[in-house]
Amino acid sequence: MNKLHLSGIAAAALLVAGTAHAQQTFISIGTGGVTGVYYPAGGAICRLVNRDRSEHGIRCGVESTGGSIFNINALRSGELEFGVAQSDWQYHAFNGTSRFEEDGAFEGLRAVFSLHPEPFTVVARADAGITSFEDLEGKRVNIGNPGSGQRGTMEVVMNAMGWDMNTFSVVSELQAGEQAQALCDNNIDAIVYTVGHPSGAIQEATTACDTVLVNVDNDVIRALVEERDYYRMATIPGGMYRGTDEDVTTFGVGATFVTSADVPEEVVFQVTRAIFENLDMFRSLHPALGALDAAEMVSDGLSAPLHDGAARYFTEAGLME
């Protein structure tokens, strides 16, 4: 009798657990290398979403990936529900241009909100004789791994400058987490990295060996910014990193949070709500997020249409009409 009674309780418990499990929605956010800003930014989003998972049933996980282009392709194939991507690659993916020309426009790409600014950052060994962007010619340069936003943006810049792979004495394709050590081991002279600041990867490089941040400012760069709405001139404050006391002038993009039209409206609504209703906490979770402004997050650098779930939240919150 007792055995049957316990079995009944166990069965009921399993039924309840099964029902709860069935109501849970699992989402994954594609980010970037663990020493960049995308990974902790994605972790901060998941942290806020997971705080209220008992209410909305959404469990959020973060994945370290190859970066912007990888994340967008994974959204397209349905492997990820959300991703962080540079504003320029959001534009190219939605319009089927540049690296996305072969696969065609990703018409199902949807914007959720924008994140931090991302200056195009060049860090060179102090003994490499690199004082301007043009000085990269003939040097050993890490241009980033295929699939990363930094690699894609560097290819755009190289094309504009009339450069190709033969412009450099050595071209490496290291991921973001590997480039600081390669620089300080004297295997390369410089790295290019499109990243929010302060960045753990840049901090690592500038702390472990003598380096300088290099200005990326000439007529070619200014023309690129003038021609493309998703680029803007940017400043990296002097004194942020060891070895560079003066402000550095460069150009940049913005990090954006994107999804697919296939992700349900309610899921995107709840994720958006978790961030904007806890924006002060979100800003405190990483230094690069500290200056986020709600009004700018609704529009800056968003080339794809807003997802219906995000638009619904912004309308209800009075952030857009």
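Throughout, read-outs are computed from the coordinates displayed, never taken from laboratory work. Here the structure is a predicted model, which means the values were calculated and not measured. Here Cβ is always computed from backbone atoms with ideal geometry, including for glycine, and neighbour counts include all displayed protein chains.
Pick from Val225, Val253, Val212: which residue has the top mean-square fluctuation in a GNM of the chain where Cα pairs under 10 Å get a spring?
Maximum among the listed residues: Val225.
Please give the peptides 58-64, 158-164, 215-221 ranked by average Cβ packing (other Cβ atoms within 10 Å per residue), highest first, as a rough proxy for protection.
58-64, 215-221, 158-164
With only alpha-carbon atoms counted, please give the Rg and Dmax of the chain, in Å.
For the chain, the Cα radius of gyration and maximum Cα-Cα distance read 21.9, 87 Å.
Which of Thr235, Thr250 has the fewest other C-beta atoms within 10 Å, and how do the rest follow up to the most?
The fewest-first ordering by Cβ neighbours comes to Thr235, Thr250.
What's the extension gain from Asp135 to Arg228 if we count 0.36 nm per residue and subtract their Cα-Cα distance?
My answer for the length gained is 31.0 nm.
Whole-Hz Karplus ³J(HN,Hα) for the range 144-153, in order, using 6.51 cos²θ - 1.76 cosθ + 1.60 and θ = phi - 60°, x for Gly and Pro?
Couplings: x, 7, x, x, 8, x, 4, 5, x, 5 Hz.
Within the range 184-213, which residues have the backbone N less than 12 Å from the label spot 7 Å out from Ala126 along Cα→beta-carbon, could you tell me?
Counting only backbone N, you get 206-213.
Can you put Thr206, Thr259, Thr249 in order, fewest other beta carbons within 10 Å first?
Thr249, Thr206, Thr259
Ranked by Cβ crowding within 10 angstrom, fewest neighbours first, how are Ile27, Ile45 ordered?
So the ranking, lowest neighbour count to highest, is Ile27, Ile45.
Tell me the net charge near Ala291. Cut-off is 15 Å between Cβ atoms, Ala291 excluded, with +1 for each Lys or Arg and -1 for each Asp or Glu.
Net of charged neighbours comes to -3.
Once you list every other residue whose beta carbon is under 14 Å from the beta carbon of Gly36, what net charge do they have if Lys and Arg are +1 and Asp and Glu are -1?
Within the 14 Å Cβ shell, the charges total -3.
How much length is gained on full extension from Glu102 to Asp280, taking 0.36 nm per residue of separation minus their Cα-Cα distance?
Here the answer is 60.0 nm.
Please check which bits of the range 46-69 a label hung off Asn159 would reach, taking the label as a point 7 Å along Cα-to-C-beta and the cut-off as backbone N under 11 Å.
No residue qualifies, since no backbone N sits under 11 Å from the label point.
Return the long-range amide H neighbours of Ile58 (sequence gap of 5 or more, or a different chain), with a cut-off of under 5 Å between placed amide H atoms.
Thr25
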